[in-house]
Amino acid sequence: MSEPTRRDAVRTLAAVGIASLAGCVGNNGAAEPADEPELPSISERWVTGTATAERTLLPHRANDAASRDRLELVLDGAYGIDDEGEQVPYWLSLDEIEEGERYEATLREGVRWSDPYGPMTADDWVYYIREIHQGPENWAASVLFPYWEDIEIEETGDRSFEIVLSEPNVEFPTSPALRRSFCLPRTLIEPYVEEQDREGLEEDETISNLGYTGNLGPYTAAEREAGERFVATRNDDYYMRGAETDSELWADAPYFETYEYRVYGGEQARLQALRSGTVTTTTVPPLRFEQFATDDDRQFYREPQDHVTTLAFNQRENGWEPLREVEIRRALSMAIDKERIAQSVFRGYGEPIHTFQPAHSEWHTEFETAGIGENYSHREAAMELDGALGPEYGYDGATLVDPEGEPVELTFVHVSDGNRPTALAEFVERELEHLGIAIDRQAVTFDTLLSSFVENEWLGDGEEGEVEEPPWSAGEYNAGPREESASAEQWDLLCGVQLNAYRHAPATTARYWLEDGDMNFSGYVPDADLAGLYEQARSGENREAALEELFATLTAERPADFLVSQDAIVGYHHSIVGPEEDTGDWDRQTWHVGRR
């Protein structure tokens, strides 16, 4: 779960309308700076204003953007993917030995942990992957556990290791398995691994205080106020200064003495901080952008996001049972005008989408889609809904009633942070009320949304009231078969998270849409053979055809209503040199203060 960012990192869910901006590490493809006769001077501070605090600093547990933002400030990670889908080496490079089957990772020389852990080695990586990501019954609760099942990993040298897949997967290099992933020193975690002591691992002070990061990132953790501030100081030993790059700016990167994330409780306070210069950068919701459009003291950029804004349908035990039917989900989707959402709620900084890919993805195709063009109609939606519900339900005048003759009321939960999430929720509520459905709309914080509504647990009863073990579990966001698993709080509709569509590794979206996917929090069970299509896409055999059929199927079955893909409006202080339109922030560590 995460907030939308430009970087294509291991990120899954994002709070609607709140972009989280973090320091990204440079790479060998850094663009040439414009007219820089000499290296810039080091400035005092950089402050990013954000709406969400980190949930964890444990590397293998961090799958929300706020947590990863903080970690990526002090840990570059394995390697990244640029906007063209090309590999950007950080700590290591990944070479293909046999396409889709065998890969060799080679560590960069000179990367090292803090004392007393010494150089980062292949042994650290092999041990970490085997014992943490592949540990028995996922004892460490690694979020990358699903990506490392049935994969062999062997050390081939002090700085190299080989990865052998049990089944071909041409997307492995761009999947979340290794790219931008972290590691921990073997000697630091070994005592906890031997005892499978998850609690001890999570409470270790060296890990929780980031006391092992050495020269592995541009900054070093310095101060943390839980839920409020995270401050890091410039790392004088940052390994990228000695790397061969295409830009001389890396020679003294980064260019700020301190880098801070500051959490603001409300949108107004965060935007005021941008206006006053208290923060260096934050995102500006489209609804508020007009207030800044003529502000000469700020510069703004439009950045397409790889996340998709969705309306989730709860198909688990505590959701409205008809939502498990394709026809019901399609009828509801037909009543929601995606084009008006893009223009009114997102003020043109979003595009209606036809399937589960952002509009700028090569995999986005304009399939015939409920809620767009001729397929948007309250009248037709009500007729389809009435027919799909059958004789047990019906209309009493303009009101939809259930088998007991009571009005149908659906609980609709959404994020409370900011004006746009509320505006989006209000728009969806009005659309669905045209179908005669009463809506109980509840606004909650993003953290509450995750913990009380997205996370779920197994409820199955065994003998004498004991809870039996589920036949399978994919973790806290998919605790088992939907018939006996549910979130702590009841809900039917949910809006306020965005899903990473993994446009560079689209088969990764299996985690949302297969019954046992680790991020299938809504309990969707596909009617079609999605598992077969995902397997074909990963194998590389007729990959394009498989993905086209896959996304056409998702459009037809509508496991969630895919609404829009958005662009972020990112504001910076006028003095910042480096950001450019539509280029992302992968070279952020070369950004600096220049003359206006």
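The values are calculated or read from the model by the stated rules, or taken from the named source; none is laboratory data. Small disclaimer: the values here were computed from a predicted structure and weren't measured. Cβ atoms come from the backbone with ideal geometry, glycine included; neighbour counts cover every protein chain shown.
Please go through region 312-333 and give me each residue that is buried (at least 24 other Cβ atoms within 10 Å of the Cβ), of a type outside the set (G, A, S) and either modelled with pLDDT under 95 or touching an Asp or Glu at 6+ places or on another chain (Cβ under 6 Å) (or both), ordered by number.
Residue satisfying the conditions is N314 alone.
Any chance you could count how many residues in region 156-172 are surrounded by fewer than 16 Cβ atoms within 10 Å (Cβ to Cβ) and more than 28 Å from the chain's Cα centre (by Cα)?
Residues that pass the stated criteria total 3.
Under the condition of being in contact (Cβ under 8 Å) with a residue 12 or more places away in the chain and of a type in the set (D, E), which residue from region 226-250 is nearest to R70 (Cα to Cα)?
We begin by selecting, within region 226-250, every residue in contact (Cβ under 8 Å) with a residue 12 or more places away in the chain; these are 226-235, 237-250.
From what's left, of a type in the set (D, E): 228, 237, 244, 246, 248.
On the way: E228: 12, D237: 19, E244: 26, D246: 27, E248: 26 Å.
My answer is E228.
Taking the condition on the phi > 0 side of the Ramachandran plot, small (G, A, S), assigned to a loop (DSSP other than H, G, I, E, B) and out of contact with any Pro (no Cβ under 8 Å at 6 or more places or on another chain), does A141 pass?
Spelling it out, A141 is indeed on the phi > 0 side of the Ramachandran plot, small (G, A, S), assigned to a loop (DSSP other than H, G, I, E, B) and out of contact with any Pro (no Cβ under 8 Å at 6 or more places or on another chain).
Residue pairs, Cβ under 6 Å, 6 or more apart or interchain, first in region 329-349 and in a helix (DSSP H, G or I), second β-branched (V, I, T). List them.
That search, which allows pairs on different chains as well, returns K338/I372; I341/V564; A342/V564.
I want to confirm something. Restricting to region 394-423 and keeping residues that are at pLDDT 95 or above and surrounded by 18 or more Cβ atoms within 10 Å (Cβ to Cβ), which single residue is nearest to V263 (Cα to Cα)?
H414
Here is a list: I336, I353, I341. Which entry is under 21 Å from the mean Cα position of the chain (by Cα), among the aliphatic types (A, V, I, L, M) and under 23 Å from P421 (Cα atoms)? Give the derivation first.
Numbers: I336 fails: under 21 Å from the mean Cα position of the chain (by Cα); I341 fails: under 21 Å from the mean Cα position of the chain (by Cα).
Being under 21 Å from the mean Cα position of the chain (by Cα), among the aliphatic types (A, V, I, L, M) and under 23 Å from P421 (Cα atoms) holds for just one of I336, I353, I341, which is I353.
Does region 488-500 include one or more residues that are more than 24 Å from R330 (Cβ to Cβ) and surrounded by fewer than 17 Cβ atoms within 10 Å (Cβ to Cβ)?
Taking every residue of region 488-500 in turn, at least one turns out to be more than 24 Å from R330 (Cβ to Cβ) and surrounded by fewer than 17 Cβ atoms within 10 Å (Cβ to Cβ).
Please enumerate the residues belonging to region 472-490 that are modelled with pLDDT under 95 and either outside the structural domain of F521 (by TED's automatic domain parsing) or on the phi > 0 side of the Ramachandran plot (or both).
Scanning region 472-490 gives a single hit, G475.
Count, please, the residues in region 443-467 that happen to be in contact with a helix residue (DSSP H, G or I) (Cβ under 9 Å, 6 or more places away or on another chain) and either surrounded by fewer than 16 Cβ atoms within 10 Å (Cβ to Cβ) or part of a loop (DSSP other than H, G, I, E, B) (or both).
Qualifying residue count, region 443-467: 3.
Please go through region 230-245 and give me each residue that is crowded, with 22+ Cβ neighbours inside 10 Å and small (G, A, S), ordered by number.
Result: A232, single match.
Okay, residues lined up against (1) of a type in the set (A, V, I, L, M, F, W, C); (2) part of a loop (DSSP other than H, G, I, E, B); (3) in contact with a Leu (Cβ under 6 Å, 6 or more places away or on another chain):
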site: Q498; (1), (2), (3): no, no, no
site: A510; (1), (2), (3): yes, no, no
site: D527; (1), (2), (3): no, yes, no
site: A552; (1), (2), (3): yes, no, no
site: S565; (1), (2), (3): no, no, no
site: A568; (1), (2), (3): yes, no, no
site: Q589; (1), (2), (3): no, no, no
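Here is a yes/no grid of residues against (1) under 30 Å from E84 (Cα atoms); (2) not β-branched (V, I, T); (3) not in a loop (DSSP other than H, G, I, E, B):
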| site | (1), (2), (3) |
| --- | --- |
| Q357 | yes, yes, no |
| T365 | yes, no, no |
| T369 | yes, no, no |
| E374 | no, yes, yes |
| A382 | no, yes, yes |
| L385 | no, yes, yes |
| L400 | no, yes, yes |
| G405 | no, yes, no |
| T411 | no, no, yes |
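Give me the pairs: first residue in region 510-521 and within 14 Å of L550 (Cβ to Cβ), second residue crowded, with 23+ Cβ neighbours inside 10 Å and among the β-branched types (V, I, T), beta-carbon distance under 9 Å, and six or more apart or on different chains, which are they?
Qualifying pairs under 9 Å: R511/T12; Y512/T12; G517/T509.
Taking region 65-91 on its own, how many of its residues are closer than 20 Å to E203 by Cβ and charged (D, E, K, R)?
Of all residues in region 65-91, those closer than 20 Å to E203 by Cβ come to 67, 70-71, 74-75.
Right, trim to charged (D, E, K, R) and you get 70.
Looking only at that region, the number is 1.
Might you check whether a residue that is in contact with a Pro (Cβ under 9 Å, 6 or more places away or on another chain), hydroxyl-bearing (S, T, Y), surrounded by fewer than 20 Cβ atoms within 10 Å (Cβ to Cβ) and within 26 Å of Y90 (Cα to Cα) occurs anywhere in region 215-229?
Scanning region 215-229, I find no residue that is in contact with a Pro (Cβ under 9 Å, 6 or more places away or on another chain), hydroxyl-bearing (S, T, Y), surrounded by fewer than 20 Cβ atoms within 10 Å (Cβ to Cβ) and within 26 Å of Y90 (Cα to Cα), so the answer is no.
Among T278, T258, which is in a strand (DSSP E or B) and out of contact with any helix residue (DSSP H, G or I) (no Cβ under 7 Å at 6 or more places or on another chain)? Spell out how you get there, then give the answer.
Numbers: T278 fails: in a strand (DSSP E or B).
Going through T278, T258 in turn, just one is in a strand (DSSP E or B) and out of contact with any helix residue (DSSP H, G or I) (no Cβ under 7 Å at 6 or more places or on another chain): T258.
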